[in-house]
Structure formats: structure tokens, C-alpha cells
Amino acid sequence: MALKQYNPTTPSQRGLVLIDRSALYKGRPVKSLTEGKTKTGGRNNKGHVTSRGIAGGHKQRYRIIDFKRRLWDVEGTVERIEYDPNRTAFIALINYGADEAGKDRVAYIIAPQRLNVGDKVIAGKKTDVKPGNAMELGQVPVGTIVHNIEMKPGKGGQIARSAGTYVQVVGRDKGMVIVRLNSGEQRYIHAACMATIGAVSNPDNQNQNLGKAGRNRWKGIRPLTRGVAKNPVDHPHGGGEGRTSGGRHPVTPWGKPTKGARTRHNKATDKMIIRSRHAKKKG
């Protein structure tokens, strides 16, 4: 999908760059594959804000996505590519034909790049290497680009599900597969985990320019006040005469280091990481 540039006929059109979604399906989603979604405004069951900067936004319905791809050796046809308000990637409606009762078996999957309406996709232990096909990671040829990768067999894809993301298979080792993630990290993943061939659709997502604050409000994102603009009672960076730089390394309002401070503390899975994503910073 290409980007749409706008002429500055109004102030909010100036600099506006959006994704051209004209090729996507224009109707409603499949009702049986959606469920209602309520807004929390970032509050928990006590009404306390637990996630700042969330409020408002357009009403959404949740689309149930098949991240597991456990319907093996049944060929499906791509009926349409759709927009999904819950994620940055597009989704594809797959029709696997009728079951024993004569009902159509349909499911949504994350649409990879170069997957078109009418294409055939299949999942299995070992399948052809073409976009949309899913197979066990241990059967994927070395060097292949994949997405929607499981971290535990049967749990469903967790890695590389956002727009334009992908993972490269770089090797195999004793029941494990070595993959290189977008962050630069290299890690082991169990060979029985499922992965889907191709990179995730909508790679131009990062090149959008929303053009005005209101578009972020439509997405349910509120403005966040910088810490240095607050008073000392409200933020560790607050206060000081005149404008200050904060005077310390960046922290959250609750004093935890942020903006690049490492937060990973899980010794049990350290052995799965071959090369940290931070290694390239050290040179």
C-alpha cells in the first residue's frame, strides 16, 4: 500500500501523510469473528489510572485472529484483506471451505506482504515457502523471512506481529532454531514452534504523519505532560528556577529509570538469548 499526501487546503491537511487503504475491503467484519470491546480509559477496577495517556478514541470491535494456525493440511483461500483498528497490520480473511456440518470454516490471520485476494494458504508441519503459509520453525529453510512466531509450541504467535516486522531464520542447533529479530537480538526458539512465511503487511505504517493532535485523540491517545514542565511534587524532574534539563537521568514520575534503561530481569530465559539487542551499541 502506498502513502497518500495531501495538499494544504486546510491547516490540518498541511503535512498530512496517511496510508492509502483503497484496496482494502470496505464492508463490515465477519460478525462471528468479532466481539465487543469496552474502553477502560487506562483505569483498573478501583478507578485508579494504571496506564497514563489513554482516553476517548473511536469505538472499536475486536477481531479474533488465528495466531496459532493449528488447522493443518487444509488449504484456505484469501477472501479479502481488511483493516483492523486493534493493530497496525492488515488482516486477511481465510476461507477453509465447509466442514462436516456444511458450515464455512473462516478465520482471520495477520496479512503478510505480497498476499493477495484469491491466493491459497496452508498450515502444516512442512509446507511450501510462500507468503501466508505456516509451518514449524524447524522445517523453515535457513535465511527465510518469517513472522507471527510462537515462543512456546501451541501457545500462538507472539513475535513479529506488528506492521512491517519480520524475523530471519539464521541457523539450527539441537532441537532449537536460531533467529535474528528486528531489534538486532539473536535468540533460540524451539523447533516445534509455528511461524508464518513472509514479512507483516503495511510497512509504510511508520511513515505516516498524523498532521494534527486530534488524529491521535481519535486513536484514544491523550497528551502527556513532560516531567520538566511539572512541579517537584508531581515529578522527579519538576521544579527549578527557569527552564531546566531535569538535572538527572530520565526517570518516570515514580522514579524508575527510563528512556533506554534496561528492564529485563529473567535469568531463566537468559540462556535463550545468544546476542543481546544492546550488543551493537557497545560496538
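The values are calculated or read from the model by the stated rules, or taken from the named source; none is laboratory data. If you're wondering where the values come from, they're calculated on a predicted model, not measured in any experiment. Cβ sites come from the backbone with ideal geometry, for glycine too, and all protein chains shown count toward neighbours.
Data for the structure
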item	result
Where VAL142 falls short, out of the listed (1) outside any strand (DSSP E or B); (2) β-branched (Val, Ile, Thr); (3) free of Cβ contacts under 8 Å to residues at least 40 places away in the same chain; (4) in contact with a helix residue (DSSP H, G or I) (Cβ under 9 Å, 6 or more places away or on another chain)	(4)
Residue that is in contact with a Lys or Arg (Cβ under 8 Å, 6 or more places away or on another chain) and on the phi > 0 side of the Ramachandran plot, where the choices are GLY97, GLY138, GLY132, GLY102	GLY97
Residues (within 26 Å of MET151 (Cα to Cα), in a loop (DSSP other than H, G, I, E, B) and in contact with a strand residue (DSSP E or B) (Cβ under 6 Å, 6 or more places away or on another chain)) located in segment 96-114	ALA111
Test result for ILE54, touching a helix residue (DSSP H, G or I) at 6+ places or on another chain (Cβ under 8 Å) and either modelled with pLDDT of 95 or more or farther than 30 Å from ASP104 by Cβ (or both)	no
Residues that are in contact (Cβ under 8 Å) with a residue 40 or more places away in the chain and either under 27 Å from GLY42 (Cβ atoms) or among the aromatic types (Phe, Trp, Tyr) (or both), drawn from segment 201-214	ASN202, ASN205, GLN206, GLN208, ASN209, LEU210, GLY211, LYS212, GLY214
Count - residues of segment 236-283 that are surrounded by 11 or more Cβ atoms within 10 Å (Cβ to Cβ), outside any loop (DSSP other than H, G, I, E, B) and modelled with pLDDT of 90 or more	7
Qualifying residue in segment 36-53 (condition: among the aliphatic types (A, V, I, L, M) and under 21 Å from the mean Cα position of the chain (by Cα))	no
Any chance LYS68 is on the phi < 0 side of the Ramachandran plot and loosely packed, with under 13 Cβ neighbours inside 10 Å	no
Complete set of residues in segment 82-94 that are of a type outside the set (Ser, Thr, Tyr) and either in a loop (DSSP other than H, G, I, E, B) or modelled with pLDDT under 95 (or both)	ASP84, PRO85, ASN86, ARG87, ALA89, PHE90
Test: residue in segment 192-207 that is assigned to a loop (DSSP other than H, G, I, E, B), of a type in the set (S, T, N, Q), surrounded by 12 or more Cβ atoms within 10 Å (Cβ to Cβ) and touching a Gly at 6+ places or on another chain (Cβ under 9 Å)	yes
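Okay, residues lined up against (1) part of a strand (DSSP E or B); (2) in contact (Cβ under 8 Å) with a residue 40 or more places away in the chain; (3) touching a Gly at 6+ places or on another chain (Cβ under 8 Å); (4) surrounded by 14 or more Cβ atoms within 10 Å (Cβ to Cβ):
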| position | (1), (2), (3), (4) |
| --- | --- |
| GLY156 | no, yes, no, yes |
| GLY171 | yes, no, no, yes |
| VAL177 | yes, yes, yes, yes |
| GLY184 | no, yes, no, no |
